[in-house]
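Here's the structure, in structure tokens; my notes come after.
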Amino acid sequence: MRIPLLSFILKSPFDEGMNEHTEKVKECTWAFQQAVECFLSDKCVSFEKHRQEVIKVKSEADAIKRRIRGHFPRRGTMSINKYQLLMYLKEEDKILIAVERSLEWLSGKADPGIPEYLKKNIFLLVDSIIEPIEELSNMVAEAGRDFRNYSEKKRGKIKSSVNSLREKKAEADRIGSAFTSKIFTLDSDPVTIFYMVKLVELIGSIGDHAENAGDMMQAILA
């Protein structure tokens, strides 16, 4: 019995949940943003609810990741490199881990908590790392369309999204650096200074992994 050649050319893994996984990453960062805003608000009484939402969305993303891996073919040719796809998924997974760790660190400081005059800087930093994640979502959506119906025009759109992601990540880095410099000028105790510097580092790592995911997408395109 002959097996048609086309049966070995399998559909894109973007049809098996990649877009869905990236949307969960974006949803998780939105929940993180709400949790931070709640934590820094004197009137917030639902921080734990937001934190549990982050945990829930991360768990849902993990299930999608396992499903994608489970659908990798044992034979045939995928439309993109399997190793590169795994590395891409790993970077998205690291975004989720960084979100969870940032939230754990944020809520771990005992009273008196975060100085009031630094709260605006935290809001600005969190907002700045949301933008690369949203661009990541746009990039993956474009990639899904490209791998289904290749064209140079669509390829150009993906590259444009990658460049936009890098620009937004660079802006987040500038905000993070300025914030860190401000922290070191504080007349405060060493524990508070260490806590704040580490918090900036953890939140910044969310954007780092988004940029890494963009680099992997460019490698997939190549």
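The values are calculated or read from the model by the stated rules, or taken from the named source; none is laboratory data. Computed from a predicted model, the values in this text were never measured in an experiment. Neighbour counts run over all protein chains shown; Cβ positions are idealised from the backbone, glycine included.
Which of the residues belonging to segment 96-144 are touching a Gly at 6+ places or on another chain (Cβ under 8 Å) and of a type in the set (S, T, N, Q)?
Within segment 96-144, just SER128 meets the criteria.
When both residues are 6+ apart or on different chains and their Cβ atoms are under 6 Å apart, which pairs have a first residue that lies in segment 24-43 and is within 16 Å of ILE114 (Cβ to Cβ), and a second that is of a type in the set (D, E, K, R)?
ALA35/ARG51; LEU40/LYS119
So which pairs qualify, if the first residue must be in segment 138-159 and within 18 Å of LEU85 (Cβ to Cβ) and exposed (fewer than 14 other Cβ atoms within 10 Å of the Cβ), the second must be at pLDDT below 80 and not β-branched (Val, Ile, Thr), the Cβ gap must be under 7 Å, and the two must be at least 6 apart or on different chains?
Partner pairs satisfying both residue conditions: ARG148/SER12.
Please enumerate the residues belonging to segment 185-210 that are of a type outside the set (Ser, Thr, Tyr), in a loop (DSSP other than H, G, I, E, B) and without any contact (Cβ under 8 Å) to a residue 12 or more places away in the chain. Reasoning before the result, please.
To start, the set of residues in segment 185-210 that are of a type outside the set (Ser, Thr, Tyr) comprises 186-187, 189-191, 193-194, 196-204, 206-210.
Filter once more, so that each one left must be in a loop (DSSP other than H, G, I, E, B): 186-187, 189.
Answer for segment 185-210, where residues must be of a type outside the set (Ser, Thr, Tyr), in a loop (DSSP other than H, G, I, E, B) and without any contact (Cβ under 8 Å) to a residue 12 or more places away in the chain: ASP187, ASP189.
In segment 151-181, what residues are hydrophobic (A, V, I, L, M, F, W, C) and at pLDDT below 95?
So in segment 151-181, the residues hydrophobic (A, V, I, L, M, F, W, C) come out as 158, 162, 165, 170, 172, 175, 178-179.
Selection gives ILE158, VAL162, LEU165.
Scan segment 53-69 and report the pairs whose first residue is over 9 Å from LEU96 (Cβ atoms) and whose second residue is assigned to a helix (DSSP H, G or I) and polar (S, T, N, Q), with Cβ atoms within less than 8 Å and a gap of 6+ or a chain change.
Taking only residues 6 or more apart or on different chains, the pairs are GLU53/GLN34.
So, TYR117, is that one aromatic (Phe, Trp, Tyr), over 23 Å from VAL57 (Cα atoms) and touching a residue at least 60 places away in the same chain (Cβ under 8 Å) or not? Give the steps one after another, and end with the answer.
Working: aromatic (Phe, Trp, Tyr): yes; over 23 Å from VAL57 (Cα atoms): yes; touching a residue at least 60 places away in the same chain (Cβ under 8 Å): no.
No, not satisfied.
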